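Enquirer: The structure is given below, and queries will be raised subsequently.
The values are calculated or read from the model by the stated rules, or taken from the named source; none is laboratory data. None of these values were measured; they are calculated from a predicted model. Heads up, the Cβs are rebuilt from the backbone with ideal geometry, glycines too, and the neighbour counts pull from every protein chain shown. These area figures cover heavy atoms from the full protein model, side chains too; ligands, DNA and RNA do not enter into them. Shrake-Rupley method; radii C 1.70, N 1.55, O 1.52, S 1.80 Å.
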Amino acid sequence: MYDGLPIDSPELFLNREISHLRFHLRVLEQSKNESLPLLERLKFLLIFSNNLDEFFEIRVAGLKQKVQYQHQIISQDGLTPQAVLKRVHDICHQAVDEQYHILNEHLIPELAKANIRLLPRSDWSPEQEAWSRDYFKKQILPVMTPIALDPSHPFPKIANKSLNFIVTLSGKDAFGRQSGLAIVPAPRPLPRIIQLPEEISAPGVNYIFLSSIIHNNAAELFPGMTVQGCYQFRLTRNSDLNLSEELTEDLAITLRGELLSRRYGDEVRIEVADSCPENVAQFLLNQFGLKQPELYRVNGIVNLARIMSVTELDIPELRYPAFNPNIPKRLRLTESMFDIIQKKDVLLHHPYESFRPVIDFLRQASQDPNVLDIKQTLYRTGKNSEIMDLLVEAARSGKEVTAVVELRARFDEESNLAVASRLQDAGAIVAYGVVGYKTHAKMLLVVRREEGQLRRYVHLGTGNYHANNAKIYTDFSLFTCHEEICEDAHKVFQQLTGMGRTAKLKQLLCSPFTLHNRMLMLLEKERQNALAGKPAKVIIKANGLTEPQIIQALYRCSQAGVEIILLIRGICSLRAGVEGVSDNISVLSIIGRFLEHTRVIYLSNAGDPLVYISSADWMERNFFNRIETCVPITSPHLKERVIHEAINVYLEDNVDGWALQRDGEYQLRTPNETEEPTRAQLTLLELLTKPKAP
């Protein structure tokens with residue numbers, strides 16, 4: 001029996017950076033999908049820009065650090081960081097070229113046919129050019145600060161992802177200076193895309209770019225001199241925060257200091273206009289200490305994501321059909337959430353089912369005089385959210401409110417600092433979890449006095465307490481007053497805010513203590529069942545799969561005959577379909593209207609299925625470096641729902657599903673001649689947004 005990891009192809013296994021990058025490429029591919037509404041295709045193209053930015057800011061930056069500190073080996077096959085970095089840049093250059101090709105050759109012409117125009121300078125009419133000059137003088141010039149490059153004006157510090165121009169000049173200024181080069185930062189508050197007035201435009205919506213206006217009027221910034229060239233550029237820096245938590249006395253104070261430096265981390269990538277001369281591009285590379293592969297030439301504006309507002313145009317035929325999230329009938333009754341949960345557990349599937357009951361549950365808890373205590377984890381929520389208002393209200397009304405705020409939720413750190421401060425000002429107890437472990441669990445615990453006794457109610461979810469995310473992420477919410485689950489949730493909160501030995505939990509699985517070992521045990525049990533001729537099947541739905549011991553266990557299960565289906569949206573280090581190793585494993589990634597975010601575990605358990613929902617992905621960080629919870633679904637009815645809505649519906653998707661091939665590439669599923677096109681998310685919209693009986 002093969003009992004190791006297939007390492008014959010380094011690019012397809014522990015090389016997580018490339019696996020993660022392949023997910024971004026699937027997002028990019030959606031922008032070519034002509035069956036999608038036009039503005040949604042544009043949105044996928046722009047999401048790819050956002051994804052790629054974060055990929056460079058975090059993952060490529062981490063690779064560069066490995067190279068810098070000479071960490072020569074990062075995988076069992078001997079692959080070096082230098083080799084991974086080269087491969088990453090090769091793929092990214094091809095992807096960026098493809099992105100701008102899709103934009104320029106497909107989307108912009110199709111948008112123009114729909115009377116939405118993104119006008120380059122070459123297409124401006126005389127009236128539009130005159131309007132742009134006036135706009136420049138009144139709206140842009142007063143807030144611009146050109147910086148000449150000479151001994152008294154060294155090259156300025158360029159902020160992460162800011163839009164800048166490098167200008168080549170000839171002639172002398174009023175002081176007799178003749179530097180030949182200047183840097184022009186575009187002020188961050190200015191919009192990157194501007195709608196032209198109707199009276200000087202063709203019918204429809206007409207936009208011009210800020211970069212085009214600045215380029216067209218660059219001479220106004222250097223009166224008396226000759227502008228020979230003006231080229232936009234954008235620098236990407238390392239944005240990962242480096243906190244020495246062992247030396248940190250106050251995490252909030254330290255984090256505030258680190259956030260100020262995030263804009264000026266180490267240089268990772270530079271994007272320039274494709275018209276930029278080689279000598280000017282090389283000058284920029286030298287200034288930032290970058291090499292040629294880290295230079296990305298783009299045929300259009302840098303940072304396409306700044307034109308996301310175009311995708312929000314109110315043109316129904318160019319967007320996904322609107323829908324109203326459903327509130328199940330039993331939750332629309334006049335009963336309180338507490339009475340409803342007492343009768344039976346409640347499961348919600350967002351965004352098809354509304355996030356409103358979660359907010360209503362907290363509202364009723366904050367206003368109910370019988371509620372004594374509210375405890376909640378906050379990973380991403382938004383400082384001005386309704387959730388925040390209700391927690392503040394509860395604290396001010398005298399209830400005991402405890403919030404475990406994860407300050408290190410990436411790119412939400414500043415918002416979470418504000419959340420923590422606001423809660424503290426209201427009198428809530430605020431904890432930052434455990435040093436060295438991110439609190440990623442999604443828990444809301446309410447203690448209520450009922451007939452002289454205290455009773456607990458809990459909400460456990462796979463997503464964040466963020467109402468906006470709940471409209472675009474797929475997630476499960478479970479409400480229960482199950483005594484053992486509530487007791488377990490209470491113990492987890494005690495561990496987060498206090499100190500003590502590992503709590504013994506009866507129902508919940510918790511990282512970093514029990515989740516990993518329990519999953520290995522359950523996988524081994526499936527393997528033994530298969531060897532004994534009993535039903536054996538494993539289905540995992542998650543955002544990522546990278547943990548080596550879990551992958552080894554899945555390979556062993558496959559070799560024993562266990563059928564394994566992996567619904568992994570993003571990064572997946574496992575190889576499927578390798579003869580003798582993973583013949584019985586299939587991997588499917590769904591890229592659709594909503595971001596797939598549910599984490600579900602199914603094990604056939606010899607005919608008595610086990611079903612869990614979890615906050616955790618199957619990655620090292622989730623098993624060992626985060627506080628995560630995984631809750632069993634015990635109700636037979638809810639089990640059936642989870643299996644159908646999170647698994648069966650997705651396995652029938654033959655439009656938005658990408659199947660992982662044994663060579664590591666993903667192939668888009670397409671319906672055959674006898675099949676009807678089926679989209680899982682559309683199926684769930686039709687199934688769940690229609691009101692149903694309780």
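Enquirer: Tell me yes or no: at least one residue of the stretch 496-512 is modelled with pLDDT of 95 or more, assigned to a helix (DSSP H, G or I) and surrounded by 22 or more Cβ atoms within 10 Å (Cβ to Cβ).
Expert: Within the stretch 496-512, none of the residues are modelled with pLDDT of 95 or more, assigned to a helix (DSSP H, G or I) and surrounded by 22 or more Cβ atoms within 10 Å (Cβ to Cβ).
Enquirer: Considering only residues of the stretch 284-306 that are among the β-branched types (V, I, T) and in contact with a helix residue (DSSP H, G or I) (Cβ under 7 Å, 6 or more places away or on another chain), which is modelled with the highest pLDDT?
Expert: The extreme case among them is V298.
Enquirer: Within the stretch 417-428, can one find any residue that is open to solvent by 10 Å² or more (accessible area, probe 1.4 Å), touching a residue at least 40 places away in the same chain (Cβ under 8 Å) and in contact with a strand residue (DSSP E or B) (Cβ under 8 Å, 6 or more places away or on another chain)?
Expert: no
Table: residues versus (1) in contact with a helix residue (DSSP H, G or I) (Cβ under 9 Å, 6 or more places away or on another chain); (2) over 30 Å from R237 (Cβ atoms); (3) β-branched (V, I, T).
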| residue | (1), (2), (3) |
| --- | --- |
| K343 | yes, yes, no |
| S354 | yes, yes, no |
| I359 | yes, yes, yes |
| Q367 | yes, yes, no |
| D373 | no, yes, no |
| L423 | yes, yes, no |
| A426 | yes, yes, no |
| V430 | yes, yes, yes |
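Enquirer: Are there any pairs with C-beta distances below 9 angstrom linking a residue in the stretch 339-364 that is under 21 Å from E484 (Cα atoms) to a residue that is basic (K, R) and at pLDDT 95 or above, with the two at least 6 apart or on different chains, and if so which?
Expert: Every condition considered, the pairs that remain are Q342/R455; L347/R641.
Enquirer: If only one of L85, L63, L103, L45 is at pLDDT 80 or above, out of contact with any Pro (no Cβ under 7 Å at 6 or more places or on another chain) and under 30 Å from Q552 (Cβ atoms), which one is it?
Expert: Only one candidate qualifies: L85.
Enquirer: If you don't mind, there's one more thing I want to ask. Give the stretch 315-342 a look and list any residue that's at pLDDT below 95, charged (D, E, K, R) and open to solvent by 80 Å² or more (accessible area, probe 1.4 Å), or say none.
Expert: Hits for the stretch 315-342 are K329, R332.
Enquirer: Sticking with this one: When you scan the stretch 308-406 for helices (runs of 4 or more DSSP H) that lie fully inside it, which ones turn up with 2 or more residues that are within 26 Å of the chain's Cα centre (by Cα) and of a type in the set (D, E)?
Expert: Counting at least 2 such residues, we get 386-396.
Enquirer: Still on this model: Pull out all pairs, ordered by first then second residue, where Cβ-Cβ is under 6 Å, the residues are six or more apart or on different chains, the first lies in the stretch 593-605 and is without any contact (Cβ under 8 Å) to a residue 24 or more places away in the chain and of a type in the set (D, E), and the second is open to solvent by less than 10 Å² (accessible area, probe 1.4 Å) and not in a loop (DSSP other than H, G, I, E, B).
Expert: Matching pairs, first to second residue: none at all.
Enquirer: Name the residues in the stretch 545-581 that are assigned to a loop (DSSP other than H, G, I, E, B) and under 16 Å from E665 (Cα atoms), would you?
Expert: R569, G570, I571, S573, L574, R575, A576, G577, V578
Enquirer: Can Y473 be described as touching a helix residue (DSSP H, G or I) at 6+ places or on another chain (Cβ under 9 Å) and touching a residue at least 40 places away in the same chain (Cβ under 8 Å)?
Expert: So Y473 does not fit the description; no.
Enquirer: Conditions: (1) open to solvent by less than 20 Å² (accessible area, probe 1.4 Å); (2) at pLDDT 95 or above. E563 meets all but one. Number of the miss?
Expert: Failing condition for E563: (1).
Enquirer: For residues that are within 17 Å of L520 (Cβ to Cβ) and open to solvent by less than 20 Å² (accessible area, probe 1.4 Å), tally how many sit in the stretch 540-554.
Expert: Result for the stretch 540-554: 9.
Enquirer: Confirm whether L362 is modelled with pLDDT under 95, within 22 Å of T462 (Cβ to Cβ) and surrounded by 20 or more Cβ atoms within 10 Å (Cβ to Cβ).
Expert: Spelling it out, it is not the case that L362 is modelled with pLDDT under 95, within 22 Å of T462 (Cβ to Cβ) and surrounded by 20 or more Cβ atoms within 10 Å (Cβ to Cβ).
Enquirer: Among the residues of the stretch 467-481, write down those that are crowded, with 21+ Cβ neighbours inside 10 Å and not in a helix (DSSP H, G or I).
Expert: Across the stretch 467-481, the qualifying residues are T474, D475, F476, S477, L478, F479, T480.
Enquirer: Do you know which residues across the stretch 417-438 are under 26 Å from the mean Cα position of the chain (by Cα) and over 22 Å from F361 (Cα atoms)?
Expert: Correct list: L417, A418, S421, A431, Y432, G433, V434, V435, G436, Y437, K438.
Enquirer: Which of the numbered conditions does R518 fail, given that it passes all the others? Conditions: (1) open to solvent by 20 Å² or more (accessible area, probe 1.4 Å); (2) touching a Pro at 6+ places or on another chain (Cβ under 9 Å).
Expert: For R518, the exception is condition (2).
Enquirer: Separate question: In the set L221, L149, L181, L169, which member is open to solvent by 30 Å² or more (accessible area, probe 1.4 Å), hydrophobic (A, V, I, L, M, F, W, C), modelled with pLDDT under 95 and more than 21 Å from S309 (Cα to Cα)?
Expert: Checking each option against the conditions leaves just L181.
Enquirer: Moving to a separate point now. Can you tell me which residue within the stretch 482-492, out of those that are in a helix (DSSP H, G or I) and either out of contact with any strand residue (DSSP E or B) (no Cβ under 7 Å at 6 or more places or on another chain) or under 14 Å from I633 (Cα atoms) (or both), is most open to solvent (accessible area, probe 1.4 Å)?
Expert: E483
Table: residues versus (1) touching a Cys at 6+ places or on another chain (Cβ under 6 Å); (2) open to solvent by 10 Å² or more (accessible area, probe 1.4 Å); (3) under 30 Å from Q376 (Cβ atoms).
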| residue | (1), (2), (3) |
| --- | --- |
| H597 | no, yes, yes |
| R621 | no, yes, yes |
| V642 | no, no, yes |
| E652 | no, yes, no |
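Enquirer: When you check K534 against the structure, is it surrounded by fewer than 18 Cβ atoms within 10 Å (Cβ to Cβ) and either in contact (Cβ under 8 Å) with a residue 24 or more places away in the chain or in a helix (DSSP H, G or I) (or both), yes or no?
Expert: So K534 passes the test.
Enquirer: Out of the residues in the stretch 429-459 meeting the condition of being exposed (fewer than 15 other Cβ atoms within 10 Å of the Cβ) and not hydrophobic (A, V, I, L, M, F, W, C), tell me which one is nearest to G382 (Cα to Cα).
Expert: Among those that are exposed (fewer than 15 other Cβ atoms within 10 Å of the Cβ) and not hydrophobic (A, V, I, L, M, F, W, C), it is G436.
Enquirer: Just to check your reading of the model, which residue among R662, R641, R669, R593 is under 23 Å from the mean Cα position of the chain (by Cα), on the phi < 0 side of the Ramachandran plot and among the basic types (K, R)?
Expert: Result of the check over R662, R641, R669, R593: R593.
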